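One structure is given here, and the rest of the page talks about it.
Only the coordinates and a few stated rules stand behind these numbers; no lab work does. Computed from a predicted model, the values in this text were never measured in an experiment. Cβ sites come from the backbone with ideal geometry, for glycine too, and all protein chains shown count toward neighbours.
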Ligand code: FDA
């Protein structure tokens, strides 16, 4: 799956093929911001909120970075005219951080100011910074602080597996961060920096969740977001929240669109807030293959799409 995800010729063939495009629609919101918005409207009717992300990361070409920023701006503009509860999620390396930090910061400000300028909707509209590998952690924290100082509504993703995260969370809460999305962490990090055993990562996730659901975090005005597909984590987080008297509307869970739909329905039916991360764009092949690779049962999706694409 990893090799298929990385292969440029395979990506080119698949992204142009109508049968495999059908397979992607299980995980991706569509080719364009307009398609993603229409998918988001359908999903919102089922009681979920949305995070939109334009597919593309680790960009070093100025033209590709500009194209990404323009696409994100289009999405922000479309959202502004809707009543949807949407966060716009961006990777720092898709807006310039793989080329130059000042360019990334300037583009981050551009997007965040546009988001802040949208007509009020009564919804919490946030620019959510995704967190990439270790060298980007401090630049991403710096970007959040810069955007917050400019009055732009900005949230940040924090990785529970990093040793530094406990300290960073305290700093973020002390700085009045609007929202923090807690994830386990997706990159292969060195042992000096990160917990690598599953039990350690789960323990850290719950310890940090408890801090994000503490009286200290609440008095700082924090809105905590728990992004995980792990049912045990979801149950434990909900129990901590109930113990600390957080109402269901004061925090939320977030999952990837298309991953574990029965668990997603269960969360909504329990009266809990759920946000779905809906990526969009033409470069959907690597993202789709990664999602499929996370669950071997999904391999039949690839096989049947490949079989149909022979025609
Ligand atoms: P875990 O990996 O233990 O999975 C829990 C269960 O879900 C397992 O049973 C697993 O099999 C199942 N599952 C997972 N994927 C599946 C799939 N595709 N199909 C079917 N079952 C599946 N990371 C990061 O470093 N920076 C970031 O910015 C983000 N952003 C982000 C946003 C959102 C909304 C989510 C949900 C996740 C991220 N992540 C991330 C990824 C995160 O760090 C982590 O790698 C994954 O969420 C996997 O960890 P879980 O907590 O889901 O648990």
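Things worth noting here:
- Residue in region 149-157 that is without any contact (Cβ under 8 Å) to a residue 40 or more places away in the chain, in contact with a strand residue (DSSP E or B) (Cβ under 9 Å, 6 or more places away or on another chain), assigned to a helix (DSSP H, G or I) and over 21 Å from residue 279 (Cα atoms) present: no
- Answer residue from region 86-100, given it is touching a residue at least 40 places away in the same chain (Cβ under 8 Å) and away from the ligand (no atom under 15 Å from the Cβ) and is farthest from residue 154 (Cα to Cα) among those: 99
This table checks each residue for (1) in contact with a helix residue (DSSP H, G or I) (Cβ under 9 Å, 6 or more places away or on another chain); (2) crowded, with 22+ Cβ neighbours inside 10 Å; (3) closer than 24 Å to residue 175 by Cα.
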{"position": "56", "(1), (2), (3)": "yes, yes, no"}
{"position": "65", "(1), (2), (3)": "yes, yes, no"}
{"position": "74", "(1), (2), (3)": "yes, no, no"}
{"position": "81", "(1), (2), (3)": "no, no, no"}
{"position": "99", "(1), (2), (3)": "yes, no, no"}
{"position": "106", "(1), (2), (3)": "no, no, yes"}
{"position": "114", "(1), (2), (3)": "yes, no, yes"}
{"position": "118", "(1), (2), (3)": "yes, no, no"}
{"position": "149", "(1), (2), (3)": "no, no, yes"}
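- Of residues in region 176-193 being within 6 Å of the ligand (Cβ to nearest atom) and closer than 22 Å to residue 234 by Cβ, the one surrounded by the fewest Cβ atoms within 10 Å (Cβ to Cβ): 186
- Looking only at region 42-55, and only at residues there that are part of a loop (DSSP other than H, G, I, E, B) and within 14 Å of the ligand (Cβ to nearest atom), the one that is nearest to residue 256 (Cα to Cα): 48
- The residues in region 125-141 that are in contact (Cβ under 8 Å) with a residue 40 or more places away in the chain, outside any strand (DSSP E or B) and within 16 Å of the ligand (Cβ to nearest atom) can be counted, and the count is 8.
- Of the residues making up region 171-189, those that are over 29 Å from residue 106 (Cβ atoms) and in contact (Cβ under 8 Å) with a residue 12 or more places away in the chain number 1.
- Residue match in region 65-80 (condition: in contact (Cβ under 8 Å) with a residue 24 or more places away in the chain, within 14 Å of the ligand (Cβ to nearest atom), outside any strand (DSSP E or B) and touching a strand residue (DSSP E or B) at 6+ places or on another chain (Cβ under 8 Å)): no
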